[in-house]
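Below is one structure; the comments refer to it alone.
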Amino acid sequence: MNKLYMGIDIGSISTKGVVIDEYNNIITSSYLYTEGNPIKAVKKVIKNMREDIDLNKYKVVSVGTTGSARKLIGTLLGAKTIKNEITAHAVGTVRLYPDVRTIFEIGGQDSKITLINNGVVIDYAMNTLCAAGTGAFITSLTKRLDVPIERVSEVAFSSKNKVNIAARCTVFAESDLIHKIQAGYKKEDIIAGVCRAVAVNYINNVAKGKKIRGPIVFNGGVSKNKAVVKAFEEIVKNKIIVDKNSHLMGAFGIAIMARESKYENVFDFDIDNLKLETRIVECGRCSNNCEIVSVYKNDKLLDFWGNHCEAGSILKKV
């Protein structure tokens, strides 16, 4: 039996899956929009990857999850490796780029910076204000201009005179964008300004006070936007590395961690017909009034969390 290892990264906007072999080679992967339903998205991602694996020759023996819904999906899939995105991205990036010193990561609704020294995370920060400077920021503004997200870089690179777009928050940026449109600025110049605004917001908000050193690796879906990458290079005056699998780096990293955990239990890909359900109730047994999340598979309680004291433990019987 040839062993494989699965990593799932469940974000608010997209869900990513990766299956690697014992040498960290990616055997298959899948990238889909979460669309507000992480359980449904994960089922689709797993189904897509299953189609690329000969289960008569290979077996997935360990699963790891990361991302905003890592606890929920990890419980449902029986994952024993459940880690945050900072750790997962760092592990994946360091394996591919051992000398990396700075990791930029921009996803659909959040952004992060991670500082590395000798392969170890020494500092990190996340956006704390709003979704300005993220993928949602770009999508929202470019929709106003009727530019498909796939063509944003192409349109931006045709600009001869990019305009400044207020980058402090999404609301101000959209107001500024409308003003620029009404003032008669060219579409390509506004789009170029939007891409630069993402980089400016990131440097001024997420990376504020951080010592950015090269090599710099850029992860997340926004890293595929070449105009944003160019804007970063102009600001930090350093080359930005974008891996071909930069959008999958979190899933790749957590798959590596699942392999290195040494925990093995053959994963059953047949999850299409499983009844997976979450139930949320307010405890009400003390002044905390915690919201308890209970996770069920085929009506059997798998796990629950959210209680801040032992009073909430009674809800496992609900």
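So, residue 82, is that one outside the structural domain of residue 138 (by TED's automatic domain parsing), hydrophobic (A, V, I, L, M, F, W, C) and surrounded by fewer than 23 Cβ atoms within 10 Å (Cβ to Cβ) or not? First the steps, then the outcome.
On the way: outside the structural domain of residue 138 (by TED's automatic domain parsing): yes; hydrophobic (A, V, I, L, M, F, W, C): yes; surrounded by fewer than 23 Cβ atoms within 10 Å (Cβ to Cβ): yes.
Yes; evaluated as a whole, the condition is true for this residue.
Residue check: is residue 230 of a type in the set (D, E, K, R) and crowded, with 16+ Cβ neighbours inside 10 Å?
It is true that residue 230 is of a type in the set (D, E, K, R) and crowded, with 16+ Cβ neighbours inside 10 Å.
So residue 3 ticks every box in (1) of a type outside the set (Ser, Thr, Tyr); (2) assigned to a strand (DSSP E or B); (3) surrounded by fewer than 21 Cβ atoms within 10 Å (Cβ to Cβ); (4) out of contact with any Asp or Glu (no Cβ under 8 Å at 6 or more places or on another chain) but one. Which box is left unticked?
Here residue 3 meets the rest and fails (4).
Specify which of the listed residues (201, 238) is among the polar types (S, T, N, Q), surrounded by fewer than 24 Cβ atoms within 10 Å (Cβ to Cβ) and outside any strand (DSSP E or B). Lay out the reasoning, then the answer.
Working: 201 fails: surrounded by fewer than 24 Cβ atoms within 10 Å (Cβ to Cβ).
Being among the polar types (S, T, N, Q), surrounded by fewer than 24 Cβ atoms within 10 Å (Cβ to Cβ) and outside any strand (DSSP E or B) holds for just one of 201, 238, which is 238.
Report every pair of residues separated by at least 6 positions or lying on different chains whose Cβ atoms are under 6 Å apart, first residue within segment 52-66 and buried (at least 24 other Cβ atoms within 10 Å of the Cβ), second of a type in the set (Phe, Trp, Tyr).
Pairs found: 60/267; 62/5; 62/263; 63/267.
Inspect segment 132-142 for any residue being among the β-branched types (Val, Ile, Thr), at pLDDT 85 or above, over 17 Å from the mean Cα position of the chain (by Cα) and not in a strand (DSSP E or B) and give the result as yes or no. Lay out the reasoning, then the answer.
Within segment 132-142, the subset among the β-branched types (Val, Ile, Thr) is 134, 138-139, 142.
With the extra rule that they be at pLDDT 85 or above, the set shrinks to none.
There is no residue in segment 132-142 that is among the β-branched types (Val, Ile, Thr), at pLDDT 85 or above, over 17 Å from the mean Cα position of the chain (by Cα) and not in a strand (DSSP E or B).
Check whether at least one residue in segment 254-273 is polar (S, T, N, Q) and touching a Leu at 6+ places or on another chain (Cβ under 8 Å), and report yes or no. Steps first, answer last, please.
Let us first name the residues in segment 254-273 that are polar (S, T, N, Q), namely 261, 265, 273.
So of that shortlist, the ones also touching a Leu at 6+ places or on another chain (Cβ under 8 Å) come out as none.
No, segment 254-273 has no match at all.
Name the residue, out of 28, 34, 65, that is at pLDDT 95 or above and within 15 Å of the chain's Cα centre (by Cα).
Values: 28 fails: within 15 Å of the chain's Cα centre (by Cα); 34 fails: at pLDDT 95 or above.
That would be 65, the only listed residue that is at pLDDT 95 or above and within 15 Å of the chain's Cα centre (by Cα).
Out of 188, 174, 150, I need the residue that is among the acidic types (Asp, Glu) and either in a strand (DSSP E or B) or free of Cβ contacts under 8 Å to residues at least 12 places away in the same chain (or both). Which one?
On the way: 188 fails: either in a strand (DSSP E or B) or free of Cβ contacts under 8 Å to residues at least 12 places away in the same chain (or both); 174 fails: either in a strand (DSSP E or B) or free of Cβ contacts under 8 Å to residues at least 12 places away in the same chain (or both).
Step by step, each of 188, 174, 150 is checked, and only 150 is among the acidic types (Asp, Glu) and either in a strand (DSSP E or B) or free of Cβ contacts under 8 Å to residues at least 12 places away in the same chain (or both).
Kindly indicate whether any position in segment 247-269 is among the small types (Gly, Ala, Ser) and assigned to a strand (DSSP E or B). Reasoning before the result, please.
Going through segment 247-269, the residues among the small types (Gly, Ala, Ser) turn out to be 250-251, 253, 255, 258, 261.
If we keep only those that are assigned to a strand (DSSP E or B) as well, we get none.
The answer is no; no qualifying residue exists.
Here is a list of conditions, (1) in contact (Cβ under 8 Å) with a residue 60 or more places away in the chain; (2) in contact with a Lys or Arg (Cβ under 9 Å, 6 or more places away or on another chain); (3) of a type outside the set (Phe, Trp, Tyr); (4) on the phi < 0 side of the Ramachandran plot, and residue 34 meets all of them except one; can you say which number that is?
If we test residue 34 against (1) in contact (Cβ under 8 Å) with a residue 60 or more places away in the chain; (2) in contact with a Lys or Arg (Cβ under 9 Å, 6 or more places away or on another chain); (3) of a type outside the set (Phe, Trp, Tyr); (4) on the phi < 0 side of the Ramachandran plot, just (1) comes out false.
Could you run through segment 276-293 and say how many residues are out of contact with any strand residue (DSSP E or B) (no Cβ under 7 Å at 6 or more places or on another chain) and within 30 Å of residue 59 (Cα to Cα)?
0
Could you tell me whether any residue of segment 272-284 is more than 30 Å from residue 48 (Cα to Cα) and under 23 Å from the mean Cα position of the chain (by Cα)?
no
For segment 153-163, which residues satisfy the criterion of being within 28 Å of the chain's Cα centre (by Cα) and in a loop (DSSP other than H, G, I, E, B)?
First, the residues of segment 153-163 that are within 28 Å of the chain's Cα centre (by Cα): 153-157.
Result: no residue meets the conditions.
Restricting to segment 205-227, and then to whatever is modelled with pLDDT of 95 or more, of a type outside the set (S, T, N, Q) and within 16 Å of the chain's Cα centre (by Cα), can you tell me which residue is surrounded by the fewest Cβ atoms within 10 Å (Cβ to Cβ)?
Ranking the qualifying residues of segment 205-227, first place goes to 218.
Determine whether residue 195 is under 24 Å from residue 68 (Cα atoms) and either crowded, with 21+ Cβ neighbours inside 10 Å or at pLDDT below 90 (or both).
Values: under 24 Å from residue 68 (Cα atoms): no; either crowded, with 21+ Cβ neighbours inside 10 Å or at pLDDT below 90 (or both): yes.
So residue 195 does not fit the description; no.
The values are calculated or read from the model by the stated rules, or taken from the named source; none is laboratory data. Keep in mind it's a predicted model, so treat the numbers as computed, not measured. For neighbour counting, all protein chains shown are included, and Cβ atoms are generated from backbone atoms with ideal geometry for every residue, glycine included.
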